[in-house]
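Peer 1: What follows is a single structure, and I will ask about it in a moment.
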Amino acid sequence: MIKCDNLYYSYEDYQYNKVEVLKALSFEIKEGEKVILLGINGSGKSTLLKILNGLIVPQSGTYSFKTKEVNKKYLKQHNQTFRKEVALQMQDPSSMLFNATVHDEIAFGLKHFGFDEIESRVHHWAKLFEIEKLLHTSPLSLSGGQKQKVLLASLLCVEPTVLLMDEPTAHLDPPSTGWLVDFLGELNVTSLIATHNLNLGRELGQRAIVLGENHELIYDGSVEALLEDMSILIKAQLVHQHKHNHNGVEHKHFHLHSWT
């Protein structure tokens with residue numbers, strides 16, 4: 001369904017220095033796969049998600065969706081269809097909520113893509129996400145977990161085939177995180193989810209793609225195997241060290257657990 005071949009992307013900073021973000025990135029994601037995307041801040045995760053969502057295009061290499069190369073020409077010709085099929089949830093839900101009420105937020109995509117029975121669909125998705133009582137509330141006045149539910153309802157109500165998520169648990173408390181993990185586990189959609197939380201990795205996907213600090217792919221395989229490979233975790237800086245004091249002896253060693 002998704003194929004990336006030798007992707008490259010860079011930009012110029014305010015001093016006109018070239019900053020590389022993705023280098024020689026190649027992988028495929030099959031229909032129905034649930035994949036997690038790991039890497040430290042600045043490794044290129046958010047940029048990759050934006051490329052897969054068609055918000056930006058690679059400067060070299062190719063990205064194909066359902067065997068069709070996604071470039072400026074393709075997006076100009078198939079923008080409506082592509083936008084319906086590939087949904088992106090950015091890290092901060094507030095940045096994607098812009099309608100006056102929760103009702104209008106969910107209805108927006110349904111109207112834009114020409115769905116019928118708008119009202120019944122809005123209430124169906126609001127009930128599914130347990131936000132029916134919030135339909136006439138401003139989404140910006142809600143808690144982080146509620147905003148996440150509204151955003152997901154507005155993205156999924158148009159029935160995308162691919163869901164891209166950037167740190168979806170970053171602003172959630174433990175109960176909301178648990179709800180989201182359960183929901184995504186039952187969702188019948190191809191997904192790529194960027195996260196820092198290794199504890200949640202095995203809950204959110206069966207396969208992991210890891211970007212290194214050099215912006216290249218350094219691992220593509222099962223989540224379970226990754227969690228057992230300390231050399232890759234250290235290389236990707238996905239583990240940390242801190243001091244321990246045991247019986248008066250101070251030492252350091254690497255830890256796999258998340259700070260969150």
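The values are calculated or read from the model by the stated rules, or taken from the named source; none is laboratory data. Here the structure is a predicted model, which is why all the values come from computation and not from measurement. With ideal geometry, Cβ positions are generated from the backbone for all residues, glycine too; neighbour counts draw on all protein chains shown.
Peer 1: Got a number for residues in segment 160-176 being out of contact with any Lys or Arg (no Cβ under 7 Å at 6 or more places or on another chain), in contact (Cβ under 8 Å) with a residue 40 or more places away in the chain and part of a loop (DSSP other than H, G, I, E, B)?
Peer 2: Going through segment 160-176 one residue at a time, the tally reaches 6.
Peer 1: What number of residues within segment 106-124 satisfy the criterion of being over 15 Å from Pro160 (Cβ atoms) and part of a helix (DSSP H, G or I)?
Peer 2: 8
Peer 1: Identify, from the list Asp92, Asp104, the residue that is of a type in the set (Asp, Glu), surrounded by fewer than 17 Cβ atoms within 10 Å (Cβ to Cβ) and either at pLDDT 95 or above or under 19 Å from the mean Cα position of the chain (by Cα) (or both).
Peer 2: Step by step, each of Asp92, Asp104 is checked, and only Asp92 is of a type in the set (Asp, Glu), surrounded by fewer than 17 Cβ atoms within 10 Å (Cβ to Cβ) and either at pLDDT 95 or above or under 19 Å from the mean Cα position of the chain (by Cα) (or both).
Peer 1: Determine whether Val150 is closer than 24 Å to Ile36 by Cβ, of a type in the set (A, V, I, L, M, F, W, C), buried (at least 21 other Cβ atoms within 10 Å of the Cβ) and without any contact (Cβ under 8 Å) to a residue 24 or more places away in the chain.
Peer 2: No.
Peer 1: While we're on this one: Considering only segment 1-46, give the strands (runs of 3 or more DSSP E) lying wholly within it that have at least 1 residues that are among the small types (Gly, Ala, Ser) and surrounded by 12 or more Cβ atoms within 10 Å (Cβ to Cβ).
Peer 2: Passing ranges, in order: 2-12, 18-29.
Peer 1: Identify, by number, the condition in (1) among the hydroxyl-bearing types (Ser, Thr, Tyr); (2) surrounded by 14 or more Cβ atoms within 10 Å (Cβ to Cβ); (3) at pLDDT below 90; (4) more than 30 Å from Lys30 (Cβ to Cβ) that Thr177 doesn't meet.
Peer 2: Only one criterion is unmet by Thr177, namely (4).
Peer 1: Right, another one. I'm checking my understanding of the structure. Among residues of segment 125-145 that are in a helix (DSSP H, G or I) and without any contact (Cβ under 8 Å) to a residue 24 or more places away in the chain, which one is farthest from the chain's Cα centre (by Cα)?
Peer 2: Lys133
Peer 1: With respect to the numbered conditions (1) outside any helix (DSSP H, G or I); (2) among the charged types (D, E, K, R); (3) touching a residue at least 12 places away in the same chain (Cβ under 8 Å), which one is the sole condition not fulfilled by Lys84?
Peer 2: Status for Lys84: all satisfied but (1).
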